[in-house]
Amino acid sequence: MAGITTHVLDAERGRPVAGVRIDLSVLEGGEWRHLKTATTNADGRTDTPMVPPAEAKTGMYQLEFHVAEVFAARAGTGAVDAFVDDTVVRFSVFDAKQHYHVPLLCTPGSCTTYRGS
């Protein structure tokens with residue numbers, strides 16, 4: 001399977017994060033061009049791939065995870081806890097035949113990502 005997929009996990013509570021808006025952009029001519037917006041479901045995943053296999057191309061991409069608004073609305077999280085704002089992950093697709101899974105593990109105070117499978 002090729003293409004780009006993602007999901008969001010709350011590392012503090014050990015569960016998926018629903019309702020996170022994610023914007024996908026591609027770098028073209030030195031400018032970021034918006035391609036798609038999706039929202040995570042109850043499993044913390046988007047209902048469809050951010051880039052389906054048939055549309056996969058090499059290039060620089062970015063996923064912007066709008067986690068600040070989700071954590072701000074979460075019960076038990078105060079303004080003092082909100083260190084992480086919207087998180088941008090930039091990555092390179094160097095082989096369009098490969099699958100690129102870009103998960104975000106986050107809390108109101110931290111975030112990390114990796115290339116998943």
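The values are calculated or read from the model by the stated rules, or taken from the named source; none is laboratory data. None of the values given here were measured: they were computed from a predicted structure. Positions of Cβ are backbone-derived with ideal geometry, glycine not excepted, and every protein chain shown enters the neighbour counts.
List of remarks:
- Verdict on Arg90 being surrounded by 12 or more Cβ atoms within 10 Å (Cβ to Cβ) and modelled with pLDDT of 90 or more: yes
A quick yes/no check of all residues on (1) in contact (Cβ under 8 Å) with a residue 24 or more places away in the chain; (2) more than 15 Å from His99 (Cα to Cα); (3) surrounded by 11 or more Cβ atoms within 10 Å (Cβ to Cβ):
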residue: Arg33; (1), (2), (3): no, yes, no
residue: Ala38; (1), (2), (3): no, yes, yes
residue: Ala42; (1), (2), (3): yes, yes, no
residue: Thr46; (1), (2), (3): yes, yes, yes
residue: Val51; (1), (2), (3): yes, no, yes
residue: Met60; (1), (2), (3): yes, no, yes
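- Within the range 18-31, the set of residues being touching a Ser or Thr at 6+ places or on another chain (Cβ under 6 Å) and buried (at least 18 other Cβ atoms within 10 Å of the Cβ) comprises Val20, Asp23.
- Residue satisfying all of: in the range 93-117; in a loop (DSSP other than H, G, I, E, B) and touching a Leu at 6+ places or on another chain (Cβ under 9 Å); surrounded by the fewest Cβ atoms within 10 Å (Cβ to Cβ) among these: Tyr114
- Whenever a residue of the range 1-29 is over 14 Å from Arg90 (Cβ atoms), its partners that are hydroxyl-bearing (Ser, Thr, Tyr) and not in a strand (DSSP E or B), lying with C-beta atoms within less than 6 angstrom and at least six residues away or across chains, give the pairs Val8/Thr40; Ala18/Thr40; Val20/Thr40.
- Residue tally, condition of a type in the set (S, T, N, Q) and under 22 Å from Asp85 (Cβ atoms), over the range 48-72: 1
- Set Gly44, Gly109, Gly30, Gly76: member being of a type in the set (Gly, Ala, Ser), more than 23 Å from Met1 (Cα to Cα) and at pLDDT 95 or above: Gly30
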